[in-house]
Structures are given as structure tokens and as C-alpha cells.
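J.: Can you keep this structure in mind? I'll have questions shortly.
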Amino acid sequence: MANDQHLRSLCADLAKIFNGPVPPEVASKLNGIEKTLEGSLTKLDEFQAFMSSMQANRREAEEKLVPQLLKRVDHVEDIFTRIDKLENFVKLVEESARNVEDRVRQVDSAFGENKLKKFIGSLLRNSQGAEDDKKFQWKQGDFAVRHRDHFK
């Protein structure tokens, strides 16, 4: 209740001020308040312009930059996929090289160094018949590694 009486007295004082001549102290305070309000309104307009420009920048980012970034991400993913395939191909080649080395060791131990030369010579001449040649069978495709099979 005390607050209501205080508020009513303030309203009565304001009514007297507006109905009668404004005292100079009140007029100077009102001018100060008016200038402060004008400054605040100017700052509010500037803030509104700033927010509008930020919204325009956001739209530009959504419409232009984000799709460009997504294209780059797809491109990088494609590159990493190719790298993974290349790593797998390199592992396959390494394993094939190990298999060839193992076969060469088998042939060398089976035929000896001179026999190996004879065996290779016989393969080149398309001759058959030597018993040593029959001990070791070459399988077609054992050593064929085609990159096309791994990069599609």
C-alpha cells in the first residue's frame, strides 16, 4: 500500500509538471534524457544494420560457402578412398613378390643354380621332357597382378 501511495504522489507531481510551466531543473533533466534516448535509438539503428549485414553474410555462407565446402569434403573423401585402394594394392604386390621369392627359392633348391638356368632356357625354347622340369609346375596366374582388378 505504501508503494501505491508513493506511485500516486509521483503521478500527481508529473501531472502538475505537464499541466503547468516546466521548472528549469526538470527541463534540463528532460533534455538530458531526450539526448540519451536519441543516442540509444541511434545505437539501436546501428545494431539493427549490423544484424542485417550479419544475416546477409550468413545467407551467403549457407548459399555459397557451405556447398563449396561439401564439394571439397567429397573430393577429399574420394582421395582417401583412392589412397586406401592403393595401400591395398601395394600390400597385394608385396605379398605377390614374397610368393615369387618363395617360388624362386623352391626352384633353386629343387634344381640348383645350373639346373635353374637350364629350366628357364627350356621354358624359353618350349621344350619338354626333362624329369627335373616336371618336379616344379608353374601355374599361370600365380604371379599375375593387374592394377585394373584393384582400381575400379
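The values are calculated or read from the model by the stated rules, or taken from the named source; none is laboratory data. The model shown is predicted, which means the values in this text are computed figures rather than measured ones. Here the Cβ positions follow ideal geometry from the backbone for every residue, glycine too, while neighbour counts run over all protein chains shown. Heavy atoms of the whole protein, side chains included, go into the accessibility calculation; ligands, DNA and RNA do not. Shrake-Rupley method; radii C 1.70, N 1.55, O 1.52, S 1.80 Å.
J.: Among all residue pairs at least 6 apart or on different chains, which show Cβ distances below 9 Å where the first residue, located in the range 58-82, is charged (D, E, K, R) and the second is at pLDDT below 95?
T.: Correct list of pairs: 82/151.
J.: When you go through 70, 116, 44, 124 one by one, which is the residue that is among the aliphatic types (A, V, I, L, M), at pLDDT below 90 and open to solvent by 90 Å² or more (accessible area, probe 1.4 Å)?
T.: After ruling out the rest, the residue left standing is 124.
J.: For residue 4, state whether it is in a helix (DSSP H, G or I), surrounded by fewer than 10 Cβ atoms within 10 Å (Cβ to Cβ) and more than 39 Å from the chain's Cα centre (by Cα).
T.: The answer is yes for residue 4.
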